[in-house]
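The values are calculated or read from the model by the stated rules, or taken from the named source; none is laboratory data. For clarity, every value in this text was computed on a predicted model and none was experimentally measured. Quick reminder, even Gly has a Cβ in these numbers, built from the backbone with ideal geometry, and neighbours come from all protein chains shown. Remember, those area values only see protein heavy atoms, side chains included, never the ligands or the DNA or RNA. Shrake-Rupley method; radii C 1.70, N 1.55, O 1.52, S 1.80 Å.
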Amino acid sequence: MTLTVRVISPDKIVWDAEADEVVLPSTTGQLGVLSGHAPMLTALDIGVMRVRANKNANWQAIALLGGFAEVDEDEVTILVNGAERGDSIKLEESRTAFNEAQTRLNQVTPEDLQGKIQATKELKRARARFQAAGGLV
């Protein structure tokens with residue numbers, strides 16, 4: 001049996017296909033989903049979702065910018081604030097953005113709590129895009 005996987009962002013459907021396996025970046029860690037999984041609703045963190053269409057296929061990476069996932073009767077519905085398929089992200093651009101985000105975080109002063117929160121969030125987004133593009137393992 002397979003899963004029906006849909007990744008829906010506010011402006012588009014990023015993924016809508018059958019899959020054998022899904023790994024989600026939940027707020028409590030990586031979460032694997034196979035067919036027959038118990039019904040579940042979970043919050044998603046900024047990170048990389050991985051999908052494998054069949055056991056012989058390569059994993060497809062999708063950068064997620066937080067949201068929710070529902071698993072019910074072999075259907076995985078993922079509603080996110082934003083998402084981008086790894087095969088559509090330019091590796092060098094994502095590497096540059098990741099390095100710049102690291103630099104910005106390192107330059108935030110300890111007393112600028114709001115700046116640190118924003119820079120950390122930007123770094124998580126840049127890391128997710130870079131990982132989805134194949135830049136980090």
Q: At 0.36 nm per residue, minus the direct Cα-Cα distance, what do GLU111 and ALA43 gain on full extension? Give it in nm, one decimal, please.
A: 21.5 nm
Q: Could you list the trypsin sites (Lys or Arg not before Pro) in the stretch 14-88 that lie in coil according to DSSP, counting only those with at most 13 other Cβ atoms within 10 Å of their Cβ?
A: LYS55
(Q) As an exercise, use a Förster radius of 25 Å and the Cβ-Cβ distance of LYS90 and ASN54 to find the FRET efficiency, rounded to the nearest 0.05. (A) 0.35
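Once the piece of chain linking THR77 and SER35 is laid out straight, how much longer is it, given 0.36 nm per residue of separation minus the C-alpha distance between them? Mind dumping the intermediate values first?
Working: separation 42, 0.36 × 42 = 15.12 nm, distance 1.35 nm.
Full-extension gain reported as 13.8 nm.
Provide the per residue accessible area, probe 1.4 Å, for the stretch 1-94, rounded to a whole number of square angstrom. Mind dumping the intermediate values first?
Working: 5030 Å² over 94 residues.
Heavy-atom SASA per residue in the stretch 1-94 reads 54 Å².
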Q. With θ set to phi - 60° and the Karplus curve 6.51 cos²θ - 1.76 cosθ + 1.60, what are the ³J(HN,Hα) couplings of the stretch 47-52 in order, to the nearest whole Hz, using x for Gly and Pro?
A. x, 10, 9, 10, 10, 10
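For THR2 and ASN99, FRET efficiency with R0 = 30 Å and r from the beta-carbon atoms, rounded to 0.05?
Numbers: r = 39 Å, r/R0 = 1.29.
Efficiency at R0 = 30 Å is approximately 0.20.
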Q) Between the stretch 63-94 and the stretch 24-52, what's the alpha-carbon centroid distance in Å? A) 11 Å
Q: Under 23 Å between C-alpha atoms is the cut-off here; go through the chain and count lysine pairs that meet it, provided they're at least eight residues apart or on different chains.
A: 6
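Normalized C-alpha radius of gyration of the stretch 32-102, against 2.2 N^0.38 Å? Could the numbers behind the result be given before it?
Details: Rg = 14.2 Å, N = 71, 2.2 N^0.38 = 11.1 Å.
Taking N as the residue count of the stretch 32-102, the ratio is 1.28.
If Lys and Arg each add +1 and Asp and Glu each add -1, what is the summed charge of the other residues whose beta carbon sits under 11 Å from the beta carbon of GLN30?
On the way: positive: ARG50; negative: ASP45.
Cβ neighbours under 11 Å give a net charge of 0.
Ignoring ligands, DNA and RNA, what percent of the 1.4 Å accessible area of the chain is carbon and sulfur?
Details: 3960 of 7920 Å².
Whole-percent figure for carbon plus sulfur exposure: 50.
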**Q.** Formal net charge of residues neighbouring LEU41 (Cβ-Cβ distance under 13 Å; K, R +1; D, E -1)
**A.** -3
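Could you work out the relative contact order of the chain? I mean the mean sequence separation of Cα pairs under 8 Å and 6+ apart, divided by the number of residues, in percent. Please report the intermediate quantities before stating the final value.
On the way: 298 pairs, mean separation 30.9, N = 137.
Result for the chain is 23 percent.
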Q.
How would the stretch 61-137 be classified by its alpha-carbon gyration tensor: rounded, prolate or oblate, with rounded meaning a/c under 1.5 and the a/b versus b/c comparison settling the rest?
A. oblate
Q) If we count every other residue with Cβ under 13 angstrom of PHE130's Cβ, Lys/Arg +1 and Asp/Glu -1, where does the sum land? A) +1
